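Take a look at the structure set out below.
The values are calculated or read from the model by the stated rules, or taken from the named source; none is laboratory data. Quantities reported herein were computed from a predicted structural model and do not represent experimental measurements. As a convention, Cβ positions derive from the backbone with ideal geometry for all residues, glycine included, and neighbour counts pool all protein chains shown. Side chains included, ligands, DNA and RNA excluded: accessible areas come from the protein's heavy atoms. Shrake-Rupley method; radii C 1.70, N 1.55, O 1.52, S 1.80 Å.
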Amino acid sequence: MVDYFLSLNPVCQAFVAGLFTWGCTVVGSAFVYFFKHVDRKLLDILMGAAAGVMIAASFWSLLNPALDYAEADYGKWAWVPVAVGFIAGGYCLRLIDKFVPHLHLNMPVEEAEGLPAYKQKLSKSTLLFLAITIHNFPEGLAIGVTFGALASQTADMGLSLMGAVSLAVGIGLQNIPEGAALSLPIRAEGNSRRKAFWYGSMSAVVEPIGAVLGAAFVMSMSSVLPYALAFAAGAMIFVVVEELIPESQCNGYGDSATMGLMLGFVVMMVLDVALG
């Protein structure tokens, strides 16, 4: 199995990695068949851990390699394409956040965000689904960009196959609580378990799509690698600050969620440094 994976081209590897992270979301969504609810403190700790994973991945798996790639072409100005890409990634997610109707977890439907003409027509379940889907896409994009970078002639500059795999593993692990965090509230709204599971599972279907697009894009235009890696990092950091941290801190378990964040950060750091 490992040898077969290694024999695939980077786009196929990215697709498989995206399927893995989607599968982790499916596992988390399946909690709805076994539990009526998950302890709020535990969920906040897991959400904090997810934030820690994404912060660590943004640096070790994306920004650090982006600086290495940029240095070859830009020298002492290597920070310029990385800074531009990082800001562009965050701003792109800001625009999506502004226009796409969605509802953050634990918020009343009256506080849904996005275009008013559309958010008023959507159910709470759909709005919750869109909120998770919005920030799953940059995760898939990040996976795709890292695998696509391996096809570059300078792929030894800050990235390795195991480093890309560790990113996928880290994102997959944090997708499990995300799947549960979506499916269980939808079930609590009075929907069937099947519908709740479907919404939770399909919220991450964009990850293999984003992975393929990211890998194919950087392979076709290797000159954009520093920008693409930093773009994915900026998008992920926006999600962490906009959604994961606030959601983990609003239920009275802030200290526990913070410790979960630190643990998630260390786990991802160890995965990336040890495997990368």
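Please specify each residue of segment 1-25 satisfying the condition of being open to solvent by 50 Å² or more (accessible area, probe 1.4 Å) and modelled with pLDDT of 85 or more.
To start, the set of residues in segment 1-25 that are open to solvent by 50 Å² or more (accessible area, probe 1.4 Å) comprises 1-4, 6-7, 9, 12, 15-16, 19-20, 22.
ASN9, CYS12, PHE15, VAL16, LEU19, PHE20, TRP22 - these are the residues of segment 1-25 that are open to solvent by 50 Å² or more (accessible area, probe 1.4 Å) and modelled with pLDDT of 85 or more.
Answer yes if at least one residue in segment 135-145 is surrounded by fewer than 24 Cβ atoms within 10 Å (Cβ to Cβ) and of a type in the set (A, V, I, L, M), and no otherwise. For segment 135-145, residues surrounded by fewer than 24 Cβ atoms within 10 Å (Cβ to Cβ) and of a type in the set (A, V, I, L, M): absent. Mind checking which residues of segment 159-169 are surrounded by 21 or more Cβ atoms within 10 Å (Cβ to Cβ) and of a type in the set (S, T, N, Q)? Of everything in segment 159-169, just one residue is surrounded by 21 or more Cβ atoms within 10 Å (Cβ to Cβ) and of a type in the set (S, T, N, Q), namely SER166.
Only residues that are surrounded by fewer than 22 Cβ atoms within 10 Å (Cβ to Cβ), aliphatic (A, V, I, L, M) and more than 19 Å from THR133 (Cα to Cα) were counted across segment 170-217, and they come to 2.
Name the single residue, out of those in segment 26-42 being within 23 Å of MET268 (Cα to Cα), in contact (Cβ under 8 Å) with a residue 12 or more places away in the chain and surrounded by fewer than 24 Cβ atoms within 10 Å (Cβ to Cβ), that is farthest from the chain's Cα centre (by Cα).
Within segment 26-42, the first condition is being within 23 Å of MET268 (Cα to Cα), and the residues that meet it are 26-29, 41-42.
From the residues that got through so far, the ones that are in contact (Cβ under 8 Å) with a residue 12 or more places away in the chain too are 26-29, 41.
Adding the requirement that they be surrounded by fewer than 24 Cβ atoms within 10 Å (Cβ to Cβ) leaves 26-27, 41.
Details: VAL26: 15, VAL27: 16, LYS41: 22 Å.
Once the filter is applied, the top-ranked residue is LYS41.
Counted as qualifying within segment 200-261 are the helices (runs of 4 or more DSSP H) with 3 or more residues that are touching a residue at least 60 places away in the same chain (Cβ under 8 Å) and among the β-branched types (Val, Ile, Thr), namely 206-220.
Quick one: in segment 236-255, which of the residues that are touching a Ser or Thr at 6+ places or on another chain (Cβ under 9 Å) and not β-branched (Val, Ile, Thr) is most open to solvent (accessible area, probe 1.4 Å)? Top of the filtered list is GLN249. The residue pairs whose first member lies in segment 90-104 and is over 22 Å from SER123 (Cα atoms) and in contact (Cβ under 8 Å) with a residue 40 or more places away in the chain, whose second member is in a helix (DSSP H, G or I) and open to solvent by 20 Å² or more (accessible area, probe 1.4 Å), and whose beta carbons are closer than 6 Å, counting only pairs six or more residues apart or on different chains, are GLY90/PHE238; LEU93/PHE238. Among the residues that make up segment 150-158, is at least one of them in a helix (DSSP H, G or I) and in contact (Cβ under 8 Å) with a residue 24 or more places away in the chain? No, that holds for no residue.
Matching residues to (1) farther than 27 Å from ASN191 by Cβ; (2) under 16 Å from the mean Cα position of the chain (by Cα); (3) not hydrophobic (A, V, I, L, M, F, W, C):
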| position | (1), (2), (3) |
| --- | --- |
| ALA17 | yes, yes, no |
| ASP44 | no, no, yes |
| ILE55 | yes, yes, no |
| ASP73 | yes, no, yes |
| PRO81 | yes, no, yes |
| LEU93 | yes, yes, no |
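Of the residues that make up segment 73-85, is at least one within 25 Å of ALA168 (Cβ to Cβ), open to solvent by 50 Å² or more (accessible area, probe 1.4 Å) and either touching a residue at least 24 places away in the same chain (Cβ under 8 Å) or touching a Phe, Trp or Tyr at 6+ places or on another chain (Cβ under 8 Å) (or both)? Looking through segment 73-85, none of the residues is within 25 Å of ALA168 (Cβ to Cβ), open to solvent by 50 Å² or more (accessible area, probe 1.4 Å) and either touching a residue at least 24 places away in the same chain (Cβ under 8 Å) or touching a Phe, Trp or Tyr at 6+ places or on another chain (Cβ under 8 Å) (or both).
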